[in-house]
Amino acid sequence: MDVALFASGNAFLDDHKITIYDFYIIDLGLPGVDGVDLIMLIRAQSQAGLIVISGRMGPDAFNAALSAGADMFLNKPVRFDQVLQAIKTVSGRVARGDTGKASWDLVTSAGELHCSSGVVVKLTPLELQILKALTLHGLEGCDRKTLGSELGIEEANATRNLDAAIFRLRKKIESQTKRPAPIRTLHGVGYAITGTVNLK
């Protein structure tokens, strides 16, 4: 295979050949254009395989990359055999035509989140409340104080408790469905739903 290397997002964009590649490996920490923005630019024009290898830690980096369109996120340090396996896995997805995108049904009467892949996630009462509140607020989302008030989380550590609950919910959804959770962080503000979530 032919391989092209770029030292920054800007160098890649200056090459004016975004759509000619069959696979992309992106480091979020390169200079110039932010890695997440670069993923969104690629995804707007291509469904090629795309994995992220990054030293950025934490759920926000993970969710931002996958919400932007990355197929897989690997944390540094990473072994080459892990990279190779990731490429094989994602290449299989591309060959099958599976975009990895999902739509969701929030079945409030059953306390379940149904993924379009067929997986059903059983929710606790608080998890159901969180997803219902975010869905009702729509794609614009809401701030932490408003969300905490609607959920009845108003004690001194409300923000910390809310963040912890949403972190656990994201992890639960992603571990069971193998898809990015339909929740995004509004940095310094709060949270929003992402993608298609239908209330039933």
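See the values below:
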{"read-out": "Checking Ala7 against (1) without any contact (Cβ under 8 Å) to a residue 60 or more places away in the chain; (2) surrounded by 11 or more Cβ atoms within 10 Å (Cβ to Cβ); (3) small (Gly, Ala, Ser), the condition it does not meet", "value": "(2)"}
{"read-out": "Pairs with Cβ under 7 Å, 6+ apart, first in the range 46-57 and within 7 Å of Asn75 (Cα to Cα), second of a type in the set (Asp, Glu)", "value": "Ile53/Asp27; Ser54/Asp27"}
{"read-out": "Unmet criterion (only one of (1) under 26 Å from Ala181 (Cα atoms); (2) modelled with pLDDT of 85 or more; (3) part of a helix (DSSP H, G or I)) for Asp60", "value": "(2)"}
{"read-out": "Glu155 vs. criteria of a type outside the set (Gly, Ala, Ser), more than 18 Å from the chain's Cα centre (by Cα) and at pLDDT below 90", "value": "yes"}
{"read-out": "Val78 being outside the structural domain of Arg168 (by TED's automatic domain parsing), touching a Gly at 6+ places or on another chain (Cβ under 7 Å) and either over 29 Å from Ala164 (Cβ atoms) or surrounded by fewer than 20 Cβ atoms within 10 Å (Cβ to Cβ) (or both)", "value": "no"}
{"read-out": "Number of the condition not met by Thr185 [criteria: (1) at pLDDT below 85; (2) out of contact with any Phe, Trp or Tyr (no Cβ under 7 Å at 6 or more places or on another chain); (3) not hydrophobic (A, V, I, L, M, F, W, C)]", "value": "(2)"}
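The values are calculated or read from the model by the stated rules, or taken from the named source; none is laboratory data. Remember, it's a predicted structure, so these values are computed and weren't measured experimentally. Because the Cβ atoms are built from the backbone with ideal geometry, glycine has one as well, and the counts that use them run over all protein chains shown.
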